[in-house]
1. Go through (1) more than 12 Å from ligand 2 (Cβ to nearest atom); (2) surrounded by fewer than 17 Cβ atoms within 10 Å (Cβ to Cβ); (3) modelled with pLDDT under 95 one by one and return the number of the condition Gly222 breaks.
2. Name the one entry in Ala168, Ala122, Ala117, Ala128 that is among the hydrophobic types (A, V, I, L, M, F, W, C) and without any contact (Cβ under 8 Å) to a residue 24 or more places away in the chain.
3. Do we find that Gly50 is free of Cβ contacts under 8 Å to residues at least 40 places away in the same chain, at positive phi, of a type outside the set (Phe, Trp, Tyr) and more than 16 Å from ligand 2 (Cβ to nearest atom) in this structure?
4. Hey, does the stretch 198-206 have a residue that's more than 16 Å from ligand 2 (Cβ to nearest atom) and open to solvent by 60 Å² or more (accessible area, probe 1.4 Å)?
5. Just to check your reading of the model, which residue among Arg218, Arg180, Arg174 is in the same structural domain as Arg135 (by TED's automatic domain parsing), touching a strand residue (DSSP E or B) at 6+ places or on another chain (Cβ under 8 Å) and of a type in the set (D, E, K, R)?
6. Filter the stretch 84-113 down to the residues that are within 28 Å of Ile207 (Cβ to Cβ) and of a type in the set (D, E, K, R), then identify the one that is least open to solvent (accessible area, probe 1.4 Å).
7. Residue under question is Leu81, and the condition is that it be open to solvent by less than 30 Å² (accessible area, probe 1.4 Å) and part of a loop (DSSP other than H, G, I, E, B); does it hold?
8. Can you find a residue in the stretch 114-128 that is in a loop (DSSP other than H, G, I, E, B), open to solvent by less than 60 Å² (accessible area, probe 1.4 Å) and away from ligand 1 (no atom under 12 Å from the Cβ)?
Amino acid sequence: MADFLPMTATLAAKKMELPGVHTLSLALDTRSPFNFDFGQFNMLYLFGAGEVAISIMGWDQGLLQHTIRAVGRVTRPLVELEVGQQLGLRGPFGQGWPLAKLQGKDLVFITAGLGCAPVVAAIHHAVANRDQYGRIVILQGVKHHADLLWQAQYRRWQTLGKCQVLLAASEEHRHRHRWRLGLVTELLELAEFDPGHCAVLMCGPEIMMLAALKQLARQQVGDDAVYMSLERNFQCGQGLCGHCQLGPYFVCKDGPVFHYPTVKPWLGQEGL
Ligand SMILES: Cc1cc2nc3c(=O)[nH]c(=O)nc-3n(C[C@H](O)[C@H](O)[C@H](O)COP(=O)(O)OP(=O)(O)OC[C@H]3O[C@@H](n4cnc5c(N)ncnc54)[C@H](O)[C@@H]3O)c2cc1C
Ligand code: FES
C-alpha cells in the first residue's frame, strides 16, 4: 500500500532543454536510499493537478532527474514549478533495460523525439562501461535538427572510439553537416554492428518501432535481440487499475521495457 502514498520531493534545479522541455532535478525528502534501474519510471504528482508517468533520466549529485515535455493538464504546470517548490513522487516502477544480460554484445539504441529520455541513462551506462560491451550505435530521429535534446552529449559520443552516432531529421529540407534527411529507421542501413551478436534498445512512437523492426529483420537481426520501451496511459503505475493493459500484460508493471518476443502478438493491433 505504501506505493500509493507519494513521498515528497523538492525542486532543486530546473533547466530548459528546448522550448517546452525542461529537466527537473529533484531532492527527495527522505533518507532512504533510492535505487532504480535504467528505464524505470516515477509517477510525479503535482498537488491539485494530477499525476503523470515520467522516465527516470538519471541521478546526479544526489538529485533525481526527469526531462519533461509540457503537453497537457499536468505536465504544463509541472514544468512551471519554481525551485524550492514541492511535488509528490511514487516509484521507481516497472522493468528497466536488462543491461547486465547484454554484456559482450554490440548495443544499438534507436530513439525518436523524447523517446531518448528512457534510453539516455542506459547509453551513459554503456559509454561509462565500454569494456563490457561491443560497439555502441546510437540512432536518434527528430523532426527538425533544432529539436535534438542534449546536443553536446551526442557530439561527445560521436568522438568516442567504437561508438557511432547517426542523426536524422524527418521534416528538415536543408542538408546539414552530420544529419541525414529522413526517418530514423533509414539510418539502420548505415549502422555498423554485428547483427548476429547485438542487442537493440528502442523507444519512441510505436509506428517508428514497428518500421524499425521490419528493417532489423531485413538486416538479419533476430526478434530475440530486441527490447523496447512502450508508452500507455498510466494511472496506478503498479498493475492494479488495468488502464495500461496490453494483451495479458500491464505495461506499467511488466514493462515499460519489454523483450520484443513477449509483446510481439499484441503490438500494432488496433485497440490494444
Ligand atoms: C513509461 C512512461 C514514461 C514516460 N516518460 C516521459 C518522460 O520522460 N518525459 C515526458 O515528457 N513524458 C513522458 N511520458 C509521457 C507522459 O506521461 C505524458 O506526456 C503525460 O502523461 C501527459 O499528461 P498531461 O496531463 O500533461 O497531458 P494530458 O492533458 O493527459 O494530454 C494532453 C494532450 O497531449 C497528448 N499527449 C499525452 N502524452 C503525450 C506525449 N507523450 N507526447 C505528445 N502528446 C502527448 C494527449 O493525447 C492530449 O492530446 C511517459 C509515459 C510513460 C507511460
Ligand atoms: S497503470 Fe494501472 S495497471 Fe498499469
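The values are calculated or read from the model by the stated rules, or taken from the named source; none is laboratory data. Everything numeric in this text was worked out from a predicted model, so none of it was measured. Here Cβ is always computed from backbone atoms with ideal geometry, including for glycine, and neighbour counts include all displayed protein chains. Ligands, DNA and RNA are stripped out before the accessible areas are found, and what is left, the full protein with its side chains, is counted by its heavy atoms. Shrake-Rupley method; radii C 1.70, N 1.55, O 1.52, S 1.80 Å.
1. (3)
2. Numbers: Ala168 fails: without any contact (Cβ under 8 Å) to a residue 24 or more places away in the chain; Ala122 fails: without any contact (Cβ under 8 Å) to a residue 24 or more places away in the chain; Ala117 fails: without any contact (Cβ under 8 Å) to a residue 24 or more places away in the chain.
Unique residue meeting the criteria: Ala128.
3. Working: free of Cβ contacts under 8 Å to residues at least 40 places away in the same chain: yes; at positive phi: yes; of a type outside the set (Phe, Trp, Tyr): yes; more than 16 Å from ligand 2 (Cβ to nearest atom): no.
Criteria not met by Gly50.
4. Looking only at the stretch 198-206, we keep the residues that are more than 16 Å from ligand 2 (Cβ to nearest atom), and these are 198-206.
Next, only the ones that are open to solvent by 60 Å² or more (accessible area, probe 1.4 Å) stay: 205.
Scanning the stretch 198-206 turns up at least one residue that is more than 16 Å from ligand 2 (Cβ to nearest atom) and open to solvent by 60 Å² or more (accessible area, probe 1.4 Å).
5. Values: Arg218 fails: touching a strand residue (DSSP E or B) at 6+ places or on another chain (Cβ under 8 Å); Arg174 fails: touching a strand residue (DSSP E or B) at 6+ places or on another chain (Cβ under 8 Å).
Selected residue: Arg180, the only one of Arg218, Arg180, Arg174 that is in the same structural domain as Arg135 (by TED's automatic domain parsing), touching a strand residue (DSSP E or B) at 6+ places or on another chain (Cβ under 8 Å) and of a type in the set (D, E, K, R).
6. Asp106
7. On the way: open to solvent by less than 30 Å² (accessible area, probe 1.4 Å): yes; part of a loop (DSSP other than H, G, I, E, B): yes.
Answer is yes for this residue.
8. Checked the stretch 114-128: no residue is in a loop (DSSP other than H, G, I, E, B), open to solvent by less than 60 Å² (accessible area, probe 1.4 Å) and away from ligand 1 (no atom under 12 Å from the Cβ).
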